[in-house]
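No value in this document is a laboratory result; all are computed from the given coordinates. Just so it is clear, the structure is predicted and the values come from calculations on it, not from any experiment. We place every Cβ from the backbone using ideal geometry, glycine too, and count neighbours over all the protein chains shown.
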Amino acid sequence: MKIPTTKENKQKVTGFGIERGYENPPENNPVYHTHDGIDQPRLFPKDFHGFPLFDAAPTHTAEEGTFIFAQFGGFIYMYLMLNKVWNLMAVGNVFSIGNFLSVAGITIGGGTPITSVISNTATLNFGAIAANTAADLTMTLTGAAIGDTVSIGIADTVISTGVNCADVTFFAWVSAANTVKIRCLNGSAVNIANPASGTFRSTIIKF
């Protein structure tokens with residue numbers, strides 16, 4: 001069968017190796033790539049809505065904004081062509097498509113892979129806290145484990161409408177599985193503090 005090679009549908013691609021997932025693709029829209037040193041055509045369906053999956057990092061030139069997905073070494077890699085350079089945007093072992101693209105094990109700037117982000121809110125009321133003392137309350141955060149790094153967000157009204165809260169400090173840690181403990185410390189040497197009831201958010205980035 002003769003393959004059409006119009007300017008609109010021919011793309012010269014080199015250095016990818018085997019292109020997977022298209023054993024017997026439907027007709028139309030050929031793409032060329034190199035395997036074993038030979039340029040070979042690959043055909044995509046006319047209603048193709050996904051991305052080809054390759055087994056090596058891209059080395060060819062492409063139009064600005066082109067996305068490439070590759071799978072090798074047990075991970076899936078997403079590359080984006082920006083300023084005539086392939087940029088590694090994400091690395092993971094699971095990609096799922098829904099309303100958003102989610103990646104398991106994403107790496108940012110070559111750092112430690114992030115596996116998930118978990119977060120929850122609760123309404124807490126610490127009540128009156130004597131000078132130089134602290135009070136603890138807990139909230140549920142499913143998936144939290146001892147040793148996880150916890151960050152917390154606090155509604156402004158907890159402090160702004162509370163009583164004698166100038167020296168109040170909040171911090172948090174995972175005290176048990178699925179449980180975050182938040183401590184309110186009154187650092188004043190003389191005043192009884194009474195933070196207002198409000199919404200607290202705890203968030204954990206899992207590695």
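Some points to look at:
- In this rough spin-label picture, where each label sits 7 Å from Cα along the Cβ direction, the I118-K181 distance is 1.8 nm.
- Once the gyration tensor of the Cα atoms in the range 117-206 is diagonalised, the equivalent ellipsoid follows with semi-axes of 24, 13, 9 Å, ordered largest first.
- Available extension along the chain between T66 and I192 is 39.3 nm, counting 0.36 nm per residue and deducting the alpha carbon span.
- Förster radius 25 Å - calculated FRET efficiency between T59 and I106, Cβ distance, rounded to 0.05: 0.60
- Here the label points at T169 and T199, each 7 Å from Cα along the C-beta direction, are separated by 2.7 nm in the simple model.
- Net length available on complete extension from K206 to A131 is 23.4 nm, with 0.36 nm assigned per residue and the Cα-Cα distance removed.
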